[in-house]
Amino acid sequence: MRSTASDVARLAGVSVSTVSRALTVPDKVSTLTRLRVQEVARGLGYHPNQAARGLATGRTGNLGLVIPDLENPYFSSITKAVQSRARSVGYAVFVADTDEDSQEEPEIIRNLAKQVDGVILCSSRASDAELVDRAKETRVILLNREAADLPSVTADNVDGMRQAVRHLWALGHRDIAYVGGPVRSWSDSQRRLGFERAGAELEGVRTQELGAFQPFFSGGVAAADIVLASGATAVVVYNDLMALGLLERVKERGIVVGRELSVVSFDDIMLSAAITPRLTTVAVPIPLLARTAIDLLLGLFEDGAGTPGVARTRVVSLQHTIPVDLMVRGSTGPVPKPHRSLAR
């Protein structure tokens, strides 16, 4: 026989209404009560009726996630983490891939708005004004992006770049290059800012930005020869996927990574620790990003917060910056001695 809310209430020692709140609006009950009810519900295999939930709360029980590229392992990890967190609080997630085309976003959000309670918009390439317009369609949380006063969750790109450059400086590198990502990437703009600041802070360092490249393996391949021609002994790359392409190309050129050229990147995707040499990278705590974004979005439901024309009354902070950590591995090493240009 199918379990009911009454069964959960009896075993958890609470009322049926408390069971309903714990499983549909968990922020309305204490943490201990919520966890007890959820544990009992899992044990009984009980799931609240979504249609009834919608009638009671005015919500669909669905959230949207819009990402630029599902084939990129970083965004795949974000998708998995968002879905895991949403599931733990009783929500389903609809995922849409823009294929790195910001022009697709308006129609995607317009369609999602009819089916979800809010949207997490990840690494959008749209302008601030465009994002403000899109937030009029539904509640929107920006992930890996800041714009105007919209709610956002970002990694600390500026400090991540500072950690990367200081690490290379400590290894003796004084000629450091940066291989950038897409021109309209907010994360890239923050990493460029961190690169500029770190170069200004450290004595004797010459920094050079080598341009903007596509955030794919092929973008790193295209950048590799430019890096070698630059004379830099170390390079920071926009993301791990590009760094993998760069490593492949410089190896073809006969350069020993970690000895003749040091390479650092961002994201810490699974492959970064599976190649040779293992990639030194700035680790972005994806589960924490996802959890913060989901919790921020759910917080906007309180008293209509986040709805156009309704004042926010319960959400204390709308912008969150998550710390990052440098993972030092084999792709970085001391500056070559005697110094020589890597251009061949």
Quiz item: Would you call THR276 over 21 Å from ASP69 (Cβ atoms) and assigned to a loop (DSSP other than H, G, I, E, B)?
Solution: yes
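From ALA170, ALA135, which residue is hydrophobic (A, V, I, L, M, F, W, C) and closer than 30 Å to VAL205 by Cβ? Explain how you work it out, then say what you get.
Numbers: ALA135 fails: closer than 30 Å to VAL205 by Cβ.
So the residue among ALA170, ALA135 that is hydrophobic (A, V, I, L, M, F, W, C) and closer than 30 Å to VAL205 by Cβ is ALA170.
Give me the strands (runs of 3 or more DSSP E) completely within the stretch 135-199, filtered to those with at least 1 residues that are charged (D, E, K, R), ordered by residue number.
Working: elements: 140-143, 152-155, 175-180.
Filter on the stretch 135-199 gives 175-180.
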Quiz item: Which residue pairs have Cβ atoms under 7 Å apart, sit 6 or more places apart or on different chains, and have a first residue in the stretch 154-175 that is in contact (Cβ under 8 Å) with a residue 24 or more places away in the chain and within 22 Å of PHE75 (Cα to Cα) and a second that is buried (at least 19 other Cβ atoms within 10 Å of the Cβ) and hydroxyl-bearing (Ser, Thr, Tyr)?
Solution: ASN157/SER187
Quiz item: Among the residues of the stretch 45-65, which ones are surrounded by 15 or more Cβ atoms within 10 Å (Cβ to Cβ), modelled with pLDDT of 80 or more and farther than 17 Å from GLY118 by Cα?
Solution: TYR46
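Filtering the stretch 232-271 down to residues that are in a loop (DSSP other than H, G, I, E, B) and touching a strand residue (DSSP E or B) at 6+ places or on another chain (Cβ under 6 Å), which residue is surrounded by the fewest Cβ atoms within 10 Å (Cβ to Cβ)?
Start the filter on the stretch 232-271 by keeping residues that are in a loop (DSSP other than H, G, I, E, B), which leaves 232-233, 238-239, 253-256, 258-260, 268-269.
If we keep only those that are touching a strand residue (DSSP E or B) at 6+ places or on another chain (Cβ under 6 Å) as well, we get 232-233, 238-239, 255, 268.
On the way: ALA232: 26, THR233: 23, TYR238: 27, ASN239: 28, ILE255: 18, ASP268: 24.
So, considering only residues that are in a loop (DSSP other than H, G, I, E, B) and touching a strand residue (DSSP E or B) at 6+ places or on another chain (Cβ under 6 Å), the one surrounded by the fewest Cβ atoms within 10 Å (Cβ to Cβ) is ILE255.
Within the stretch 157-172, how many residues turn out to be buried (at least 17 other Cβ atoms within 10 Å of the Cβ) and more than 15 Å from THR280 (Cα to Cα)?
To start, the set of residues in the stretch 157-172 that are buried (at least 17 other Cβ atoms within 10 Å of the Cβ) comprises 157-165, 167-169.
Filter once more, keeping what is more than 15 Å from THR280 (Cα to Cα): 157-159.
Of the residues in the stretch 157-172, 3 are buried (at least 17 other Cβ atoms within 10 Å of the Cβ) and more than 15 Å from THR280 (Cα to Cα).
The values are calculated or read from the model by the stated rules, or taken from the named source; none is laboratory data. Being a predicted model, the structure only gives us computed values, none of them experimental. All Cβ positions, glycine included, derive from the backbone under ideal geometry; neighbour counts span all protein chains shown.
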